[in-house]
Amino acid sequence: MAVIRPEKQAAIAVLKEKLSTAKGAVLVDYRGLTVAQDTKLRRKLREAGVEYRVVKNTLTNLAAKEAGIEGLEVYLEGTTALAVSATDPVAPAKILSEFQKEIGKTVKTFQIKAGVLEGKVIDANGVKALADLPSRGVLLATVAG
């Protein structure tokens with residue numbers, strides 16, 4: 001196995017920590033976004049407490065394996081950005097799905113690749129299904145009612 005440089009080991013450790021503590025995470029192919037669209041997306045994610053960053057596929061794959069997350073490697077091709085929430089498992093999926101619907105007519109290349117829900121990999125359809133769930137408040141009101 002190749003020797004990994006210290007700066008890359010540090011990046012892997014940070015990604016491993018994020019994936020290990022994440023309640024929810026979503027991988028997206030962010031190609032085709034304008035600067036204005038990317039800024040708008042980042043603002044929405046930040047307001048919801050979701051961390052969003054462009055990641056290297058190889059380092060993300062190594063970090064996922066170290067975190068015990070299996071099956072993510074098939075989604076790590078092309079350009080990849082990672083949205084991670086340590087508190088709300090639905091927030092990244094909901095925001096990114098809404099954003100994809102909003103820009104879908106103009107940017108066909110922005111795609112949700114996959115997600116991680118409390119350590120388990122879900123495909124793009126699973127992420128969209130997660131995004132379509134009602135909010136926690138609505139679910140609690142339904143149960144109480």
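Modelled label positions at GLU47 and ALA86, each set 7 Å beyond Cα in the direction of Cβ, lie 2.3 nm from each other. Loop-located trypsin sites (Lys or Arg not before Pro) in the stretch 50-145 (DSSP state other than H, G, I, E, B) with a sparse environment of at most 11 neighbouring Cβ atoms within 10 Å: LYS105, LYS108.
Between LEU133 and LYS40, the simple spin-label model (points 7 angstrom out along Cα→Cβ) gives 2.8 nm. For the stretch 60-110, the set of GluC sites (Glu not before Pro) satisfying both a DSSP loop assignment and a count of at most 13 other C-beta atoms within 10 Å is given as GLU70, GLU77. Measuring nothing but how far apart in sequence close Cα pairs (under 8 Å, 6+ apart) lie, relative to its length, the stretch 46-125 scores a relative contact order of 31 percent. Would you mind telling me which residue in VAL116, VAL26, VAL35 has the biggest mean-square fluctuation in a Gaussian network model of the chain, where springs connect alpha carbons within a distance under 10 angstrom? Of VAL116, VAL26, VAL35, the Gaussian network model singles out VAL35 as fluctuating most.
On average, how much accessible surface per residue is there in the chain, in Å², for a 1.4 Å probe, leaving out ligands, DNA and RNA? Please report the intermediate quantities before stating the final value.
Values: 8310 Å² over 145 residues.
On a per-residue basis, the chain sits at 57 Å².
Modelled spin-label separation between LYS56 and LYS105, with each label point placed 7 Å from Cα along the Cα-to-Cβ direction: 4.0 nm.
Quick check: at a probe of 1.4 Å, how many percent of the accessible area of the chain sits on carbon and sulfur atoms? Can you show the working numbers first?
Details: 4710 of 8310 Å².
After summing per-atom areas, the C and S share lands at 57 percent.
Counting every alpha-carbon pair across the chain, the share separated by more than 19 Å comes to 51%.
The values are calculated or read from the model by the stated rules, or taken from the named source; none is laboratory data. Just so it is clear, the structure is predicted and the values come from calculations on it, not from any experiment. Here Cβ is always computed from backbone atoms with ideal geometry, including for glycine, and neighbour counts include all displayed protein chains. Calculation scope for accessible area: heavy atoms of the full protein, side chains included, ligands and nucleic acids excluded. Shrake-Rupley method; radii C 1.70, N 1.55, O 1.52, S 1.80 Å.
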